[in-house]
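The values are calculated or read from the model by the stated rules, or taken from the named source; none is laboratory data. These numbers were taken from a predicted model, which means no experiment stands behind them. Reconstructed Cβ throughout: ideal geometry from the backbone, glycine too, with neighbour counts over all protein chains shown.
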Amino acid sequence: MAGSWGRAPDLGYLRGHALARFEGTSSFVATDDLKVAVNAAVSLQRPLLIKGEPGTGKTVLAQEVARALGKDLISWHVKSTTKAQQGLYEYDAVSRLRDSQLGDARVHDIGNYIIHGKLWDAFEAQNAPVLLIDEIDKADIEFPNDLLLELDRMEFFVYETRQTIKAKQRPVIIITSNNEKELPDAFLRRCFFHYIKFPDRETMERIVEVHYPGMKQLLLREALTAFYELRELPGLKKRPSTSEFLDWLKLLMAEDIGPELLREKSTGKLIPPLHGALLKNEQDVHLFERLAFIHRRGG
Amino acid sequence: MFIGFFLALRAAGVKPSLREYLTLQEAMQAGLGDYDIDTFYYLARATLVKEERFIDKFDRVFAESFKGILQPKPEALNGVEATPLPEEWLRLQAEKLLTDAEKAEIEALGGFEKLMETLAKRLEEQKARHEGGSKWIGTAGTSPFGANGYNPEGVRIGQQTGRNRAAVKIWDQRAFRNLAADVEIGTRNMKLALRRLRRFAREGAAEALDLADTIGSTARNAGFLDLKMVPERHNAVKLLLLLDIGGSMDDHIALSEQLFTAAKGEFKHLVHLYFHNCPYDTLWTDARFRSADAVPTYDVLHKYDPSWKLIFIGDAAMSPYELIQPGGGISSWNTESGQDWLRRLVTAFPKSVWINPVPEKHWNYTQSTKIIRDMFGNRMYGLTLEGLDAAMHRLMH
């Protein structure tokens, strides 16, 4: 079976399309599976859906892909009130009404009142940009369905001006989701999917190296141990994420806290210093304090 | 190509569509597979799996489908002999990572040598093994290597020696097992499942501007402004939660608590009451079961109309007498049997389900569970993501 992979690839539709490959950047550590998913989405020109725990770098990924491929980034941040139509265009009827009352000449051309959305911008751009549709699950449940055709064919029709907007070059589309709503099957089928796993210790070390090059190894090791211990604690309402860990490290370095202080916590004082950067919830802090109390009494 | 793999995935319930299969073909033709099995695995995963809860199933099917091709070369197969375990290094790791108590535990298991022997044996089995995974080195699940608190990284010998790499595959690490749909779940996942119960309705005071109606009405009024208001949309689902507390439920408290927290965050109309093992003539608003917190069950039956949805959470495990015999209750004398009270509740609230934190495979071994399940017309569901999903689906239809 392995031999049949070697069939000459028929890349007719890709000819002339520069196959830039994403390999991570100097400021972003990409795991192998992430690279494969990004490259598949880029070369087959399909949207890439990214999920993962909050704070694992879903949004940052789009910025880094844009940087690595030398493309512009267009971000569309979705909110609960966002409508799919707003990504295409909006017809500003109120301005037109006002202009008509004032006798403005612009009123005769309806095109003056069509406001371009992010998708329009992305389709019209000279060089195919990276389009980030951030937190798609925040919007109404029908939102992804309303964009199916537009993302598939990369074109849409403007009723007011009777024109069809077609992508000059298909943009790289990256969609992030926090899992607040389930996405429709039809939508999922058109995407590549990647779930950002919480980084293991090794990957985390590489991530830290990228953010704070040359950090003291001893401090880093103690901090990592304290951090993963904290994450493993059963009953935490919100487990601290990568971004919170990085913030905490920054604080540790700014306050010049030594590794011995971190180690001290594993023997008696259970709460790591400056824990406010890691625990964002008073129940969690409380749980931690209670454990520390029991720990001290027991030991 | 890969038709067999595709069909196996569908059979396992991952359900990729033909479209995704063709996308994979396209990607392979575009050279994205790279003739490298790891890359192919990543590519297939990104193409065929669209929800993280299916990744674990995918991993298992992948291992099964490609095991023939992936058999390491004969000389590499004898990995244990060919590359003896870097014992020095492991020892060093152990010194560094293990507490004294854990070291003592290793001694109890027969000491380091014994442990290494077992490890070698495991490596041997690993080559023959095709399913299960409870002993697998590296998953750190139930293997003594994991249980003893070894850094799982440490036991993943392959990376250190470089030559045994073929022994532990990425997909065999089952790194996504926690996300699988049929395992227990956290508050967030529960909230997601509970969201199935949303039914938005416009109720209460008209406060929001209805733009479409305002425009239509203004046009009909020949341009004279006519504002129209509508009430805001709210989740109109009303939920009555009955929780079993104490006794055999102690093992499941954490899980029930999570479900309760999730429900509290999701529903505006939520009433929760407690009972012990089986509801009789009294329910309690507080888990301490004091008389001041007691609510007669008849009051509950009369106060809430049938549009309320009733969810029982309990293990349904009790002595059958508590269920079928008047006076069988464990906390107080009941003149009517628990079965009667349950039937009353189920009849009063046609939309009702029983959610059971005990894994489904054990239900048939407890008589009381079977009786309750029959009473609920099979509307008993496990406290897993799949179970909760099915339960919520049932409540809505």
Q) Are any residues in region B:13-37 more than 10 Å from chain A (Cβ to nearest Cβ) and closer than 22 Å to A:PRO184 by Cβ, and if so, which ones? A) B:GLY13, B:VAL14, B:TYR21, B:LEU22
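Please pick out the residue among B:ARG45, B:ARG53, B:ARG10 that is free of Cβ contacts under 8 Å to residues at least 12 places away in the same chain and over 13 Å from A:ARG46 (Cβ atoms).
B:ARG10
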**Q.** Among residues of region B:49-63, those that are of a type outside the set (Asp, Glu) and within 7 Å of another protein chain (Cβ to nearest Cβ), counted
**A.** 3
Q | Segments classed as helices (runs of 4 or more DSSP H), wholly inside region A:56-158, with at least 2 members that are under 21 Å from A:ARG190 (Cα atoms) | A | A:58-69, A:84-88, A:118-124, A:143-146, A:148-153
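Does A:ASP134 fit the bill of being closer than 26 Å to A:LYS238 by Cα, away from every other protein chain (no Cβ under 14 Å) and not β-branched (Val, Ile, Thr)?
yes
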Q.
Can you pull out every residue in region B:4-47 that is among the basic types (Lys, Arg) and not in a loop (DSSP other than H, G, I, E, B)?
A. B:ARG10, B:ARG19, B:ARG45
Q: Assess whether A:ARG231 counts as being more than 30 Å from A:LEU44 (Cα to Cα), at pLDDT below 85, of a type outside the set (A, V, I, L, M) and in contact with a helix residue (DSSP H, G or I) (Cβ under 7 Å, 6 or more places away or on another chain).
A: no
Q: Test B:ARG343 against the criterion of being free of Cβ contacts under 8 Å to residues at least 40 places away in the same chain and within 22 Å of B:ARG373 (Cβ to Cβ), and give yes or no.
A: yes
Q) Given the conditions (1) surrounded by fewer than 18 Cβ atoms within 10 Å (Cβ to Cβ); (2) within 14 Å of chain B (Cβ to nearest Cβ); (3) not in a helix (DSSP H, G or I), and given that A:MET215 satisfies all but one, which numbered condition is not satisfied? A) (2)
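With the condition kept exactly as written, say whether any residue in region A:190-197 is over 13 Å from A:ILE50 (Cα atoms) and within 13 Å of chain B (Cβ to nearest Cβ).
yes
Report yes if A:GLU209 is farther than 23 Å from A:HIS275 by Cβ and assigned to a helix (DSSP H, G or I), otherwise no.
Values: farther than 23 Å from A:HIS275 by Cβ: yes; assigned to a helix (DSSP H, G or I): yes.
Answer is yes for this residue.
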Q. Taking the stated definitions as given, is B:PRO320 surrounded by fewer than 18 Cβ atoms within 10 Å (Cβ to Cβ) and closer than 19 Å to B:HIS252 by Cβ?
A. no
Q. When residues of region B:279-313 are filtered for being closer than 26 Å to B:VAL358 by Cα, modelled with pLDDT of 85 or more and assigned to a loop (DSSP other than H, G, I, E, B), how many remain?
A. 4
Q.
Condition check: facing another protein chain (nearest Cβ under 7 Å), surrounded by 18 or more Cβ atoms within 10 Å (Cβ to Cβ) and in contact with a Ser or Thr (Cβ under 6 Å, 6 or more places away or on another chain). Does B:ALA46 satisfy that?
A. no
Q.
Within region A:55-73, does at least one residue satisfy the condition of being closer than 21 Å to A:THR242 by Cα, surrounded by 20 or more Cβ atoms within 10 Å (Cβ to Cβ), touching a Gly at 6+ places or on another chain (Cβ under 8 Å) and more than 14 Å from chain B (Cβ to nearest Cβ)?
A. yes
Q.
I'd like the full set of residues that are more than 23 Å from B:GLY223 (Cα to Cα) and aromatic (Phe, Trp, Tyr), limited to region A:67-126.
A. A:TRP76, A:TYR89, A:TRP120, A:PHE123
Q. Which pairs have Cβ atoms under 6 Å, sit 6 or more apart or on different chains, and link a residue in region A:97-121 that is farther than 21 Å from A:GLY87 by Cβ to one that is exposed (fewer than 13 other Cβ atoms within 10 Å of the Cβ) and hydroxyl-bearing (Ser, Thr, Tyr)?
A. A:VAL107/A:SER100
Q: Considering each of A:PHE198, A:PHE245, A:PHE193, A:PHE187 in turn, give the residue that is outside any loop (DSSP other than H, G, I, E, B) and touching an Asp or Glu at 6+ places or on another chain (Cβ under 9 Å).
A: A:PHE193
Q) For B:GLN29, all conditions in the list (1) modelled with pLDDT of 65 or more; (2) touching a Pro at 6+ places or on another chain (Cβ under 9 Å); (3) buried (at least 18 other Cβ atoms within 10 Å of the Cβ) hold save one; what is the number of the exception? A) (3)
Q. Free of Cβ contacts under 8 Å to residues at least 60 places away in the same chain, surrounded by 11 or more Cβ atoms within 10 Å (Cβ to Cβ) and not in a strand (DSSP E or B) - does that describe any residue in region B:235-243?
A. yes
**Q.** Positions within region A:249-284 being of a type in the set (Val, Ile, Thr) and either outside any helix (DSSP H, G or I) or modelled with pLDDT of 80 or more (or both), in sequence order
**A.** A:ILE257, A:ILE271
Q.
Can you list residue pairs whose Cβ atoms sit under 6 Å apart, with the first residue in region A:164-185 being more than 10 Å from every other protein chain (Cβ to nearest Cβ) and the second being of a type in the set (Lys, Arg) and buried (at least 19 other Cβ atoms within 10 Å of the Cβ)? Count only pairs 6 or more apart in sequence or on different chains.
A. A:THR176/A:LYS58; A:SER177/A:LYS51
Q: Look through region A:75-114, keep the residues that are closer than 24 Å to A:ILE136 by Cβ and aromatic (Phe, Trp, Tyr), and return whichever of them is surrounded by the fewest Cβ atoms within 10 Å (Cβ to Cβ).
A: A:TYR91
